[in-house]
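Data first, discussion second: the structure below is written as structure tokens.
No value in this document is a laboratory result; all are computed from the given coordinates. What you are looking at is a predicted structure, and each value in this text was computed from that prediction instead of being measured. All Cβ positions, glycine included, derive from the backbone under ideal geometry; neighbour counts span all protein chains shown.
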């Protein structure tokens with residue numbers, strides 16, 4: 001059995017039509033449940049009552065710890081390709097619902113239907129947990145012991161994005177040649193040249209801000225002995241979502257988060273109060289063992305990077321540092337024309353450490369929000385297991401909200417790792433730690449951005465910023481000289497001097513959503529001027545090349561999203 005456990009603000013499903021030979025009748029065609037745990041379930045070959053009972057009881061245990069009273073069990077075949085026959089699967093899911101209904105308010109979505117599903121997932125780090133049970137677990141453990149497993153060469157192929165809406169980031173990415181997913185690396189992105197340009201520009205934006213706010217960029221290994229994850233608490237709170245394996249006599253884990261290894265950098269030497277705050281930034285790859293059926297383009301992957309930051313401070317520096325982080329969040333999202341709202345998440349029942357420290361940290365976040373005139377809503381008991389936090393829901397051009405930035409105060413991990421600095425009094429003190437991410441997962445944010453702009457990136461983000469189009473063979477020489485000058489000016493530029501029609505060349509550039517086209521023919525060649533056309537169809541004639549370069553560079557420097565005025 002494979003499950004995906006989601007702590008949600010809302011789950012809504014609408015029945016469309018039966019899609020299996022065995023399905024349940026239902027009078028409820030549309031169901032919406034607020035503040036619930038959604039349990040997506042795939043029942044697999046070999047599952048029995050004991051497997052079903054173990055799965056639902058662990059979810060009930062999570063609900064009890066987090067004071068959740070509503071459960072929606074949702075048959076979800078997409079988590080597995082080793083499904084049990086429908087009639088028995090339906091019986092086991094009904095058995096799970098029977099167990100759950102004796103302890104909580106429980107609802108079961110009808111089995112065997114094609115349903116429209118909408119989820120609004122809560123923001124805390126344990127809100128999404130995937131697990132495998134029963135025979136699937138045995139097979140997983142036994143895989144490495146099979147000496148002559150047949151190789152399935154059919155998986156050496158690209159994932160298929162056909163059938164997705166035109167507005168979906170995967171559809172847009174395929175047209176613009178940004179990235180692909182390959183079945184040999186499920187949940188991991190193959191960045192093509194165009195996509196990598198956009199990705200690096202995003203990182204460049206963040207790095208520019210980091211210099212302004214005086215961060216030091218660091219990097220740490222992807223693997224660490226399991227001892228590190230025991231000290232950090234990840235073994236107790238996050239093990240099911242980690243990639244773990246043995247090597248010789250060691251048990252190793254691939255890092256799902258950057259904070260424990262960044263702490264080791266702080267711990268590697270002695271510190272004075274004069275050296276604080278110590279602001280670190282890190283863009284390392286992270287790995288989370290998500291169930292394959294839950295993977296969703298760039299929005300949910302197994303390998304990703306965050307624009308992560310960890311700040312080590314003396315307690316009296318907390319208010320000032322929080323103001324700086326809030327200013328950084330505001331400055332970055334202003335670049336994309338995105339607004340946001342703040343959410344304060346307080347201490348969960350499943351937490352580490354002294355509750356007095358939690359109260360102190362929560363008060364500091366509230367005071368920072370008020371001091372910076374930021375309105376907020378409170379999400380009770382949805383903080384990280386080590387500290388309260390502020391999450392930011394960012395609104396895109398279609399009015400959709402996405403949780404991206406986060407700021408978390410952590411008294412607990414510095415205590416667990418025995419971090420110290422020498423204070424002004426000459427005594428040893430424990431620093432406070434701020435965890436913060438601005439864009440969050442860069443992969444996820446790029447997915448949001450692709451849909452926000454519908455592929456029509458501003459000039460500074462565009463994989464190709466200018467396309468030079470020659471009208472005729474007689475103009476090719478001049479077009480090549482224009483192309484060379486633009487390239488020397490460090491613009492991302494292409495040259496189209498082929499023998500296709502002008503209309504075809506312009507349409508091709510528009511399909512690629514290139515911001516600017518420079519059209520040159522005999523007239524431009526004779527005058528030494530250029531004709532400019534932007535992707536919306538606006539046009540300017542008799543423009544000096546140096547004036548065009550100056551205009552575009554100004555738009556890049558200011559990160560403007562405007563084109564021709």
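For the reader, a short list of remarks on this structure follows.
- Antiparallel bridges, percent of DSSP beta bridges restricted to the chain (to nearest 5): 75 percent
- Protection proxy ranking of 235-243, 466-474, 557-565 - average other beta-carbon atoms within 10 Å, highest first: 466-474, 235-243, 557-565
- Volume of the convex hull of segment 2-143 (Cα atoms only), normalised per residue: 107 Å³.
- Shape of segment 262-347, Cα gyration tensor, a/c cut at 1.5: oblate
- Cα-Cα pairs of the chain separated by more than 33 Å (percent): 52 percent
- Ranked by how many other Cβ atoms sit within 10 Å of their own Cβ, fewest first, the residues 59, 118 fall in the order 118, 59.
- Label-to-label distance for residue 117 and residue 78 is 0.6 nm, based on points extended 7 Å past Cα in the beta-carbon direction.
- Counting every other Cβ atom within 10 Å of each residue's Cβ, 119, 328 order from fewest to most as 119, 328.
- Antiparallel DSSP beta bridges within segment 2-143, percent to nearest 5: 75 percent
- Annotation: for a label point projected 7 angstrom from Cα along Cα→Cβ of residue 270, residues of segment 398-442 with backbone N closer than 13 Å are 420-423, 426-429.
- Förster radius 35 Å - calculated FRET efficiency between residue 183 and residue 49, Cβ distance, rounded to 0.05: 0.55
- Each part reduced to its alpha carbon centroid, segment 489-505 and segment 416-452 end up 45 Å apart.
- Segment 346-371 and segment 279-322 have Cα centres spaced 20 Å apart.
- Packing-based order for 522-534, 9-21, using average beta carbon neighbours within 10 Å, highest first: 522-534, 9-21
- Extension gain, residue 94 back to residue 28 (0.36 nm per residue minus Cα-Cα distance, nm): 22.1 nm
- Here the sum of -39500 (n - 2.57) over DSSP H runs of 4 or more residues, divided by the residues of the chain, equals -10000 deg cm²/dmol at 222 nm, to the nearest 500.
- Solvent-free Debye scattering, log10 I(q)/I(0), computed from the Cα coordinates of segment 466-558 at q = 0.13 Å⁻¹: -0.37
- Helix 502-511 vs. the chain, principal-axis angle (Cα, 0 to 90°, nearest 10): 20 degrees
- Extended-chain gain in nm, criterion 0.36 nm per residue less alpha-carbon gap, residue 553 and residue 331: 77.9 nm
- Sorting 480-488, 428-436 by their mean Cβ neighbour count within 10 Å, with the most densely packed peptide first, gives 428-436, 480-488.
- FRET efficiency for the pair residue 296 and residue 477, taken as 1/(1 + (r/R0)^6) with r the Cβ-Cβ distance and R0 = 45 Å, rounds to 0.35.
- Residue order, fewest to most beta carbons within 10 Å, for 356, 209: 356, 209
- Cα centroid of segment 49-68 to Cα centroid of segment 183-260, whole Å: 30 Å
- Against the empirical 2.2 N^0.38 Å (N residues), segment 218-298 has a Cα radius of gyration ratio of 1.28.
- Nitroxide proxy distance, nm - points 7 Å out along Cα→Cβ at residue 485 and residue 380: 6.8 nm
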